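Undergrad: Have a look at the structure that comes next, please.
The values are calculated or read from the model by the stated rules, or taken from the named source; none is laboratory data. Bear in mind that the values here come from a model prediction, so they are computed numbers and not experimental data. Every residue, glycine as well, gets a Cβ built from its backbone with ideal geometry; the counts of neighbours run over all protein chains shown. Ligands, DNA and RNA are stripped out before the accessible areas are found, and what is left, the full protein with its side chains, is counted by its heavy atoms. Shrake-Rupley method; radii C 1.70, N 1.55, O 1.52, S 1.80 Å.
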2 protein chains.
Amino acid sequence: MQPDVWELEVGSGVRGLRVNTPTILDVSFSFTVRATDCGARLGQFETPHGTVHTPAFMPVGTQGAVKATLFRDVEELGAEIILGNTYHLYLRPGDELIARRGGLHRFIGWSRPILTDSGGFQVFSLAERRVIREEGAEFQSHLDGSRHLLTPERAVDIQARLGSDIAMVLDECLSYPATRDDAAASMQRSLRWAGRCRDRLIMLRTSPGPGDVTGTNPGQAQFGIVQGGTFQDLRDESVDATVAIGFEGYAIGGLSVGEPIDTMYSVVDATARRLPESQPRYLMGAGTPEDLVECVARGIDMFDCVMPTRNARNGQLFTSEGRINIKNARYAEDDRPLDPRCGCYTCRHHSRAYLRHLYMAGEMSAGALNTLHNLSFYLDTMRRIRDAIVFRTFNDFRQEFLRSVSRLPSDA
Amino acid sequence: MQPDVWELEVGSGVRGLRVNTPTILDVSFSFTVRATDCGARLGQFETPHGTVHTPAFMPVGTQGAVKATLFRDVEELGAEIILGNTYHLYLRPGDELIARRGGLHRFIGWSRPILTDSGGFQVFSLAERRVIREEGAEFQSHLDGSRHLLTPERAVDIQARLGSDIAMVLDECLSYPATRDDAAASMQRSLRWAGRCRDRLIMLRTSPGPGDVTGTNPGQAQFGIVQGGTFQDLRDESVDATVAIGFEGYAIGGLSVGEPIDTMYSVVDATARRLPESQPRYLMGAGTPEDLVECVARGIDMFDCVMPTRNARNGQLFTSEGRINIKNARYAEDDRPLDPRCGCYTCRHHSRAYLRHLYMAGEMSAGALNTLHNLSFYLDTMRRIRDAIVFRTFNDFRQEFLRSVSRLPSDA
């Protein structure tokens, strides 16, 4: 039973690393849990580009931009960290070009922390003619059909060049549903790849290393990824073996891929419990506003999802009173703001009627204004979650939030 | 010969109106010329939504939005007035819906002055199956094929509902090249339409009027439009007859439609000279940065053009050292800002390499960042023009500006 409020400093995330190597990495990463309330954790981690308060939501900056926004706005909305997609940046404009620009932060003009994924998920979801072998994933670019081989080592090298503050290991992404055998085999391969990723990172840091890999962020941290599908015993095995390799933080992958929501919640719950209390837990690719609150309640510290930005561009808006589909004719003469409780630029300046007009007219500012609002809603939800943990009112907040947000107007 | 510095207040623009009617309109419009230098005029006009300093450039807000920007940015860049397209707003979302929202300013959330065109230009350039009769222009919507009749009276009514600060008369838009006979007939029809527009405005203001026209800006001014193609005697005739009808300001229409640049400049020169010194002169639809400077030198006070915004979305950027086509591979590793002399958000935060990447990757933020820069370049050019007139250095500025801006890199 963990104490309700406690503080534990984990310097340099080297604890796990010592399990299988005496090498101590120079990783400028530390995580502190400052308070807990009903399973939810309030914390913060330090990176070479600053502090991130958790629970945190990371807007997705796929190709070096958070779609339909400027970084000025992403910053003003309070995002402390964004996610970059290694697959996209590797293919265009290329990790080597980005390294020559001084790394991803300098190239894109974002000075706060960045987490990069490994590229694996896009290889499995976007690339053409992919062949997965023990060595790695061979695929053709969705852009020009060119052939590429993404190995665990290359995933580490690419992210070293990008210079993100947190790099992810390459994992095999299982499709849902999967048999237990497939899930087990895939999880085992992911474990072997995770070990190779950690070895590669240590090699890049400690030996002269291959001359062609010039890292741009010597304080880059590396997170492992727990797999195992919806089979909790496989998840448990994955947790133990991944933690034995030792990383600065741990992600739960392979969820939010079509499984029933209760399954996702229960896997998150049991998996998060088994992960080290002193290190950050990142649920990859989730989710709805309700998912954020429910998974914070299950001990998750970090989230990323394209939902707020993608839905915004499709006219789907999150509000404190449920979801709005701005295309609906009912909003044509609605002079109210999207969300009367929201203080974002869009809600302060524009009506539903105007936003509907912009959407129907195909104006780019529809995407921009909607994205500002949805990101504001997500980031504001994370702020409210953190406040609730501080004030020990998380459970009340959770009940009230689910009650109000889950209301679905008939047009949603 | 006009004095180098003089000041002349023209209250309510009623001077011309008295020519053919004793009715004095309640028009909250006045124009003051504060200084002149080598043909260029420094002035300002007052509208119900505030002051506009001239020479002024009006960003085009076609459908109630300046494409790829938020109004916050348009304001921050220093735009004091924007243009709205009556044709687009009439078709979608409709002038009556906008009137029910309280007018265009309230509907779109822009509190500074707005000028609306009459819709004529889009009927001639965009609509399908148009038939021009003395009564007006019959056309089919480019959106849904619905049939519409735009008469001079309807153009006034629609703009009254939109509630812009400056409304334009409906004119017939001549294609280029045109014979003298065609140009004369078209100019004469435009004159008759201008008279009907003025009569309609007076009727809306002074009599109970038709019950279905609820204006949303009782201080709306109305500008006449000089036509006549490239035939200066027709232009002269158009000036005299339009001024005899009497408007708060005068536009030069039918230029920047394909005629040689020298022809445009000489028509602008001779036409502007003939227009009243005490009222604003607006050159419609022009132009390049060079055109702005050259036409200010010929006495023009107001401009609008889609060039900065449209070119931005196509990757064509204006800089103090000539134009840049950001698609060009030469910029792939160029860490410099677009324009080292520019202080806009884009130039302060991002490199050419990043802007090229965003453009090649099809990111919406490419359009947004490029539009910010191009609008900044245009609005900054107007500021520099106004400063030069104040300091009596307009001629030096003009020479230096044309020398530097007209440099065309080989990729332009």
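Undergrad: Return the residues of the stretch A:157-206 that are hydroxyl-bearing (Ser, Thr, Tyr), part of a helix (DSSP H, G or I) and under 23 Å from the mean Cα position of the chain (by Cα); say none if nothing qualifies. Spell out the reasoning first.
TA: Keep residues of the stretch A:157-206 that are hydroxyl-bearing (Ser, Thr, Tyr), which gives A:164, A:175-176, A:179, A:186, A:190, A:206.
Those left that are additionally part of a helix (DSSP H, G or I): A:186, A:190, A:206.
Listed by number, the residues that qualify are A:Ser186, A:Ser190.
Undergrad: Let me ask something additional. Looking at the stretch A:155-171, can you tell me whether even one residue there is without any contact (Cβ under 8 Å) to a residue 40 or more places away in the chain, open to solvent by 10 Å² or more (accessible area, probe 1.4 Å) and farther than 21 Å from A:Gln279 by Cβ? Break it down stepwise before answering.
TA: Taking the stretch A:155-171 as the starting set, the residues that turn out to be without any contact (Cβ under 8 Å) to a residue 40 or more places away in the chain are none.
Scanning the stretch A:155-171, I find no residue that is without any contact (Cβ under 8 Å) to a residue 40 or more places away in the chain, open to solvent by 10 Å² or more (accessible area, probe 1.4 Å) and farther than 21 Å from A:Gln279 by Cβ, so the answer is no.
Undergrad: Of the conditions (1) open to solvent by 40 Å² or more (accessible area, probe 1.4 Å); (2) in contact with a strand residue (DSSP E or B) (Cβ under 7 Å, 6 or more places away or on another chain), A:Asp240 fails just one. Which one is it?
TA: (2)
Undergrad: Can you name every residue in the stretch A:343-397 that is in contact with a strand residue (DSSP E or B) (Cβ under 8 Å, 6 or more places away or on another chain) and open to solvent by 20 Å² or more (accessible area, probe 1.4 Å)?
TA: A:Arg386, A:Val390, A:Arg392, A:Thr393, A:Asn395
Undergrad: Quick check, is A:Phe107 closer than 17 Å to B:Asp335 by Cβ and modelled with pLDDT of 95 or more? It would help to see each step written out before you state the result.
TA: Details: closer than 17 Å to B:Asp335 by Cβ: yes; modelled with pLDDT of 95 or more: yes.
Judged against the criteria, A:Phe107 is a match.
Undergrad: Further question: All but one of (1) away from every other protein chain (no Cβ under 14 Å); (2) open to solvent by 10 Å² or more (accessible area, probe 1.4 Å); (3) closer than 16 Å to B:Gly215 by Cα hold for B:Ser146, so report the exception by its number.
TA: B:Ser146 satisfies all of (1) away from every other protein chain (no Cβ under 14 Å); (2) open to solvent by 10 Å² or more (accessible area, probe 1.4 Å); (3) closer than 16 Å to B:Gly215 by Cα except (3).
Undergrad: Any idea which residue in the stretch A:308-333 is nearest to B:Leu97 (Cα to Cα), counting only those that are surrounded by 18 or more Cβ atoms within 10 Å (Cβ to Cβ) and within 14 Å of another protein chain (Cβ to nearest Cβ)?
TA: Looking at residues that are surrounded by 18 or more Cβ atoms within 10 Å (Cβ to Cβ) and within 14 Å of another protein chain (Cβ to nearest Cβ), I get A:Tyr331.
Undergrad: In the list A:Val131, A:Val33, A:Val60, A:Val27, which residue meets the criterion of being within 14 Å of another protein chain (Cβ to nearest Cβ) and either of a type outside the set (D, E, K, R) or under 25 Å from A:Arg273 (Cβ atoms) (or both)?
TA: Working: A:Val131 fails: within 14 Å of another protein chain (Cβ to nearest Cβ); A:Val33 fails: within 14 Å of another protein chain (Cβ to nearest Cβ); A:Val27 fails: within 14 Å of another protein chain (Cβ to nearest Cβ).
Matching residue, one of A:Val131, A:Val33, A:Val60, A:Val27: A:Val60.
Undergrad: Moving on to the next point. Assuming A:His142 fulfils every condition listed in (1) within 21 Å of A:Val60 (Cα to Cα); (2) at pLDDT 95 or above; (3) of a type outside the set (Ser, Thr, Tyr) apart from one, which condition is it?
TA: Checking A:His142 against (1) within 21 Å of A:Val60 (Cα to Cα); (2) at pLDDT 95 or above; (3) of a type outside the set (Ser, Thr, Tyr), the one that fails is (2).
Undergrad: Give me the pairs, please: first residue somewhere in the stretch B:63-78 and in contact (Cβ under 8 Å) with a residue 40 or more places away in the chain and farther than 10 Å from B:Leu372 by Cα, second residue anywhere and open to solvent by 30 Å² or more (accessible area, probe 1.4 Å) and among the hydrophobic types (A, V, I, L, M, F, W, C), beta-carbon distance under 7 Å, and either six or more positions apart or on two chains.
TA: As it stands, the answer is B:Lys67/A:Met364, since those pairs meet every condition given.
Undergrad: Please state which one of B:Leu8, B:Leu42, B:Leu17 is buried (at least 21 other Cβ atoms within 10 Å of the Cβ), farther than 30 Å from A:Phe71 by Cβ, more than 14 Å from chain A (Cβ to nearest Cβ) and modelled with pLDDT under 95. Walk me through it before giving the result.
TA: On the way: B:Leu8 fails: buried (at least 21 other Cβ atoms within 10 Å of the Cβ); B:Leu42 fails: modelled with pLDDT under 95.
Only one candidate passes the filter, namely B:Leu17.
Undergrad: When you check B:Glu294 against the structure, is it touching a Pro at 6+ places or on another chain (Cβ under 9 Å), among the acidic types (Asp, Glu), open to solvent by less than 30 Å² (accessible area, probe 1.4 Å) and modelled with pLDDT of 95 or more, yes or no?
TA: Values: touching a Pro at 6+ places or on another chain (Cβ under 9 Å): no; among the acidic types (Asp, Glu): yes; open to solvent by less than 30 Å² (accessible area, probe 1.4 Å): yes; modelled with pLDDT of 95 or more: yes.
So B:Glu294 does not fit the description; no.
Undergrad: Filter the stretch A:334-345 down to residues that are touching a Leu at 6+ places or on another chain (Cβ under 7 Å) and more than 11 Å from chain B (Cβ to nearest Cβ), then give me how many there are. Before you say what the answer is, go through the steps one by one.
TA: Going through the stretch A:334-345, the residues touching a Leu at 6+ places or on another chain (Cβ under 7 Å) turn out to be A:338, A:344-345.
Imposing the further condition that a residue be more than 11 Å from chain B (Cβ to nearest Cβ) reduces the set to A:338, A:344.
Matching residues across the stretch A:334-345 total 2.
Undergrad: Among what's in the stretch B:346-380 and is of a type in the set (Ser, Thr, Tyr) and touching a residue at least 40 places away in the same chain (Cβ under 8 Å), pick the residue that is nearest to the other protein chains (Cβ to nearest Cβ). If you could, list the steps in order and put the result at the bottom.
TA: Kept after step one, since they are of a type in the set (Ser, Thr, Tyr), are these residues of the stretch B:346-380: B:346, B:351, B:354, B:359, B:365, B:371, B:376, B:378.
From what is left, the residues that are touching a residue at least 40 places away in the same chain (Cβ under 8 Å) are B:359, B:371, B:376, B:378.
Working: B:Tyr359: 11, B:Thr371: 9, B:Ser376: 14, B:Tyr378: 19 Å.
Out of the qualifying residues, it is B:Thr371.
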